[in-house]
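Computed from the coordinates by the stated procedures, all read-outs in this text should not be read as laboratory data. Every value quoted in this text rests on a predicted model; they were computed, and no experiment measured them. Cβ: placed from backbone, ideal geometry, glycine included. Neighbour counts: every protein chain shown.
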Amino acid sequence: MSELVIPAELLPEDGRFGSGPAKVRPEALAALASSPLMGTSHRRPGVRGVVARIRERLAELYRMPDGYQVILGNGGATSFWDLACVSLIERRSSHASYGSFSRKFASAASRTPWLRPPLVTEAPFGQGCLPAVEDGIDVYAWAQNETSTGVAMPVGRPAGAADDALVLIDATSAAGGIDADLTQADALYFSPQKNLGSDGGLWLSFCSPAALERSARLTAGHDGRWVPDTLNLTLAAANAAKDQTLNTPALATLILLDEQLGWMLEHGGMGFVTARTADSSRRIYEWAQACPCARPFVADPALRSPVVVTVVFDGTVDAPLLCRTLRANGILDIEPYRALGTDQMRVGVFASVDPDDVSRLLGCIDWVLERIVD
Ligand SMILES: *Cc1c(COP(=O)(O)O)cnc(C)c1O
C-alpha cells in the first residue's frame, strides 16, 4: 500500500506541514545563504544590528506597550520554564495543564526545591482550562496554543488574581500566528521555529515592568535560591538592552527570524498573519466536518487552534498508513503528537504555509483515502 504514488499535479508546492520545527520559507533560506554575517562576532555591529531589528520588529508586530522589553536568550521555551522557576516565581505558581507542553512547565515548577508545590488545573487532551485563582499565587501560567493537541486559549489576566501576580504565557506556537494583547501578560515567551519561520535554540519574551522588577528582586538571591547565569532573566535583560545574548547564539536562527519578521511586516503584520492562519485552518476544519470518516479533535469550535489543526479519523481509516503514504510522497510531519492516539493527524498551518498548499494537501488526503479506505 505504501507504493501509492500521488499524481504530481495534486501535490503541494511545499510539503512541510510540521508543528515545529516547521516550514522555513525558501526566500529566507536564500537570504541566509548569502548573508555576510554567518561566522562573524555576535558582539559586533553586524549581528547586534540583526538583534536590534528583531527586537524592534517584534515590538511593532505586537504593538508593544511602553515599558515592556523584548528579551532573548539561548535554550528555547523549555529553558524559559526553568528560567521562570529561578527568576519569576516567588513562592507558588498556578498552572493550567491541557496537553504536553502546558504540563511540562507545571512539572518544572513542581521540581524546583525553593518553590511550594504548584497548583495545577487539568483538562483532558482536546479540551482547555485556565489556571485556578487562589490566595498566595504569584504566577499564573498557561499556553496560548497547546501544540500537542491543537487547543488555543485566550490571553487575559485572571479575575481575582492578586495585583502583583504575574501572568506568563507560553506563546511558542502562537507568536506570529495568533494575536495577543501584551498588557494582559507579564511574559509572553516563545521559540522561533514555528510561526516565526526560523530554527530552534532561542527563547524570546516580551516582559512587562512588573516581570523585570520581580526578576531583579529574586535574582539578587536574598532568599537563598540558586541563580545560574543562564536562568537569570535580569542578566538576559541587561544583554538584550545591548542587543546581545549572554552567550553565543545560533546566528542562522537570528538571521532567519529577522527575515521572517520583515516578511510579515511587509505584508501587513499581525492582520496579515492572523488572516492567513485563519484561512488555512478553516479549510481543514471545514474539510474534516464534511468528511464522513473524520472530525476535528477539538470538540469546542471556540478552542480550535488556527495554527495547529488536529483531526481524528474513525475506524475505517488506517491513519498511520495515511501519514506514511503522504510522507513517501514528500508531505511531511502530519503524524499526531506522540502522546495522542494514533487515529489522528496534526497539521501545522503556521504563517509560512500557503493556504493554497493546504487545499492541495487536502486533495492529496482525499486521493489517498479513496484508495485505502475499504
Ligand atoms: C514547541 C513548543 C515548546 C518547546 O519549544 P523548545 O524550543 O523545543 O523548547 C514549548 N511550548 C510550546 C507551546 C511549544 O509549541
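Summary table below
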| item | result |
| --- | --- |
| Antiparallel DSSP beta bridges within the range 72-201, as percent of all bridges there, nearest 5 | 10 percent |
| Which of Glu122, Glu13 has the fewest Cβ neighbours within 10 Å, and the rest in rising order | Glu13, Glu122 |
| Label zone at Glu122 (point 7 Å along Cα-to-Cβ), backbone N below 18 Å, the range 66-108 | 93-108 |
| Size of electric dipole in the chain: Cβ of Lys, Arg +1 and of Asp, Glu -1, about Cα centre, debye, nearest 20 | 900 debye |
| Neighbour-count ranking [beta-carbon atoms within 10 angstrom, fewest first] of Asp300, Asp181, Asp357, Asp186 | Asp300, Asp181, Asp357, Asp186 |
| Residue list for the range 42-60, given a label point 7 angstrom along the Cα-to-Cβ vector of Phe272 and an amide N cut-off under 18 Å | 53-60 |
| Karplus 3J(HN,Hα) series, Hz, for the range 9-19 with 6.51 cos²θ - 1.76 cosθ + 1.60 (x for Gly, Pro) | 5, 8, 6, x, 5, 10, x, 8, 10, x, 9 |
| Of the DSSP H helices in the chain, those whose Cα atoms cover at least 20 Å axially and whose Kyte score averages 0.5 or more | 251-266 |
| Table column - 3J(HN,Hα) (Hz), the range 179-193, Karplus curve with 6.51, -1.76, 1.60, x for Gly and Pro | 6, 8, 8, 5, 5, 8, 9, 9, 9, 10, 10, 6, 9, x, 9 |
| Max mean-square fluctuation residue, GNM over the chain, Cα-Cα springs under 10 Å, options Ser281, Ser110, Ser94 | Ser110 |
| Relative contact order for the range 26-265, counting Cα pairs under 8 Å that sit 6 or more residues apart, in percent | 27 percent |
| Karplus-derived HN-Hα couplings along the range 89-97 (A = 6.51, B = -1.76, C = 1.60, θ = phi - 60°), whole Hz, x at Gly and Pro | 7, 8, 10, 8, 10, 10, 10, 9, 10 |
| Beta bridges by DSSP in the range 26-265, antiparallel share as percent, to the nearest 5 | 45 percent |
| Candidates Gly315, Gly197, Gly269: whichever shows maximal mean-square fluctuation once the chain is modelled as a Gaussian network with Cα springs under 10 Å | Gly315 |
| Label-point separation in nm, Thr78 to Leu321, each point 7 Å along Cα→Cβ | 3.5 nm |
| For the chain: span of alpha carbons on each principal axis (Å, largest first) | 67, 50, 31 |
| Packing-based ranking, highest mean first, of 48-56, 73-81 given that Cβ atoms within 10 Å are counted | 73-81, 48-56 |
| Distant alpha-carbon pairs in the range 223-374 (separation over 26 angstrom), percent | 45 percent |
| Separation in nanometres of the label points that stand 7 Å from Cα toward Cβ, at Ala339 and Ser41 | 4.4 nm |
| Highest-MSF residue in the chain out of Leu231, Leu166, Leu340 [GNM, Cα springs under 10 Å] | Leu340 |
| Relative compactness, the range 69-164, computed as alpha-carbon Rg over 2.2 N^0.38 Å | 1.04 |
